[in-house]
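Let me begin by presenting the structure, written as structure tokens, before commenting on it.
The values are calculated or read from the model by the stated rules, or taken from the named source; none is laboratory data. On a predicted model such as this, the values are computed, not experimentally measured, just so you know. Note that we place each Cβ from the backbone using ideal geometry, even for glycine, and neighbour counts take in every protein chain shown. Just the protein is used for accessible areas: all its heavy atoms, side chains included, with ligands, DNA and RNA removed. Shrake-Rupley method; radii C 1.70, N 1.55, O 1.52, S 1.80 Å.
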Amino acid sequence: MTPSSSPSLAAGAPALQLPTPAPLLTRAGWSAFILALVVVCAVAPLLNLWVPAGSPLHLSDYAVALLGKIMCYAICALAMDLIWGYTGILSLGHGLFFALGGYVMGMYLMRQIGRDGNYHSDLPDFMVFLDWKELPWHWALSDSFVATLILVLAVPGVIAFVFGYFAFRSRIKGVYFSIITQALTYAAMLLFFRNETGFGGNNGFTDFKRILGLPLATQNMRMTLFVLTGLALLGFFLLARWLVRSKFGRVLQAVRDAETRVMFSGYAPLPYKLTIWTISAMMCGVAGALYVPQVGIINPGEMSAANSIEIAVWAAVGGRATLIGPIVGAFIVNGAKSWLTVTAPEFWLYFLGALFIAVTLFLPHGVVGLVKKLQNKTSQGDAQ
């Protein structure tokens with residue numbers, strides 16, 4: 001039978017229509033995104049730099065630093081949502097990748113101090129104190145800003161890739177994977193505590209003075225870092241949205257729900273899990289690099305088990321597998337932390353534990369899930 005004599009074509013059957021890809025964001029979503037972009041790039045700088053300090057509309061330097069720090073945490077929460085909410089991989093070691101990005105940036109900032117340190121040496125002060133004569137080999141590229149930007153992505157990415165390859169290849173999953181990631185982070189923290197590793201030991205890096213030759217302790221620089229952090233958060237949100245709505249993202253969700261069936265369907269879960277795991281680690285590295293110049297210090301304490309667990313708490317409180325939920329959770333938890341640690345510091349850890357238990361028992365889909373549930377009830381009531 002020739003193609004021209006095919007029954008379907010002869011009958012004039014319509015061609016198969018593939019479903020139209022869903023837009024990256026809805027109209028309301030794009031409106032909210034643009035509003036957030038305007039707030040970060042225009043409203044916040046205006047209120048901080050141009051509105052007088054005595055005005056009730058003035059955004060203080062403290063608020064700028066606090067919001068910038070929380071936005072760095074929100075990037076980590078978003079990274080956690082990609083692997084936990086959409087892939088079913090619970091990591092209790094993402095604080096390691098955050099700290100690695102911070103240390104890479106901290107090394108560059110230490111080199112930018114130059115001879116303005118306490119010992120007026122080309123070496124960082126802690127190396128002079130330890131009677132070191134030259135920089136270690138792993139400090140070779142620390143004086144280049146371009147190399148620093150590359151290493152901020154490369155160092156967490158390579159370590160995550162190597163670790164993830166062997167872990168996923170060995171079919172380690174569930175609670176066993178979570179425990180191994182926490183053990184890896186704890187081992188790295190012990191390593192960075194040692195003075196001979198060349199990372200400042202217990203004190204880490206601090207007393208930063210310049211970045212790209214410009215002073216750090218100025219209002220304009222603090223606002224510049226704030227805007228860059230906000231743009232990074234919004235950019236990563238769009239990236240995550242694109243990933244989870246693509247075919248790649250649908251496979252990730254299938255791996256989360258039934259990995260064995262995915263394998264029977266002809267898909268190999270390893271490259272999918274390894275890719276999203278590496279992307280997530282690199283996002284945390286960028287967050288750490290933005291965090292350090294705003295906070296002014298990086299030490300091994302950032303690799304503590306408690307910090308990594310908090311990242312999971314942010315995602316759970318906001319709502320897993322929602323993307324916006326972990327960002328909301330990071331702002332809620334860290335906003336409460338900054339308030340409680342001042343008014344009642346002895347109750348903060350109790351509050352955090354109670355919050356996590358309450359969310360687990362009564363809000364399995366987090367704050368965003370609760371909001372959606374209330375909206376659905378309202379719309380159903382209006383329809384009736």
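Does region 224-235 contain at least one residue that is of a type outside the set (F, W, Y), more than 17 Å from I34 (Cα to Cα) and at pLDDT 95 or above? Yes: region 224-235 contains one or more residues that are of a type outside the set (F, W, Y), more than 17 Å from I34 (Cα to Cα) and at pLDDT 95 or above. Of all residues in region 306-329, those being within 12 Å of P364 (Cα to Cα) and in a loop (DSSP other than H, G, I, E, B) number 3.
Screening I172 with (1) of a type in the set (A, V, I, L, M, F, W, C); (2) part of a loop (DSSP other than H, G, I, E, B); (3) in contact (Cβ under 8 Å) with a residue 24 or more places away in the chain gives one miss only, at (3).
Scoring M110 on the criteria (1) open to solvent by 10 Å² or more (accessible area, probe 1.4 Å); (2) under 12 Å from the mean Cα position of the chain (by Cα); (3) not basic (K, R) leaves a single failure, condition (2).
Every residue, every condition in (1) hydrophobic (A, V, I, L, M, F, W, C); (2) part of a helix (DSSP H, G or I); (3) in contact (Cβ under 8 Å) with a residue 24 or more places away in the chain, yes or no:
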position: V333; (1), (2), (3): yes, yes, no
position: S338; (1), (2), (3): no, yes, yes
position: G353; (1), (2), (3): no, yes, no
position: N376; (1), (2), (3): no, yes, no
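Among the residues of region 348-367, just one is of a type in the set (G, A, S) and surrounded by 12 or more Cβ atoms within 10 Å (Cβ to Cβ), namely G366. Determine whether V371 is assigned to a helix (DSSP H, G or I), closer than 24 Å to A321 by Cβ, aliphatic (A, V, I, L, M) and touching a residue at least 24 places away in the same chain (Cβ under 8 Å). No, not satisfied. Where residues in region 54-82 are surrounded by fewer than 24 Cβ atoms within 10 Å (Cβ to Cβ) and more than 22 Å from W339 (Cβ to Cβ), which of them is modelled with the lowest pLDDT? Residue satisfying both the conditions and the ranking: G54.
Tally the residues that are surrounded by 15 or more Cβ atoms within 10 Å (Cβ to Cβ) and modelled with pLDDT of 95 or more, restricting the search to region 166-181. Going through region 166-181 one residue at a time, the tally reaches 6. On inspection, V128 fails the criterion of being open to solvent by 70 Å² or more (accessible area, probe 1.4 Å), over 18 Å from Y291 (Cα atoms), out of contact with any helix residue (DSSP H, G or I) (no Cβ under 7 Å at 6 or more places or on another chain) and aliphatic (A, V, I, L, M). Taking the criterion of being open to solvent by less than 30 Å² (accessible area, probe 1.4 Å), among the aromatic types (F, W, Y) and more than 16 Å from S91 (Cα to Cα), the only residue of region 291-332 that qualifies is Y291.
Remark: F199 matches the filter, which requires a residue to be buried (at least 18 other Cβ atoms within 10 Å of the Cβ) and part of a loop (DSSP other than H, G, I, E, B).
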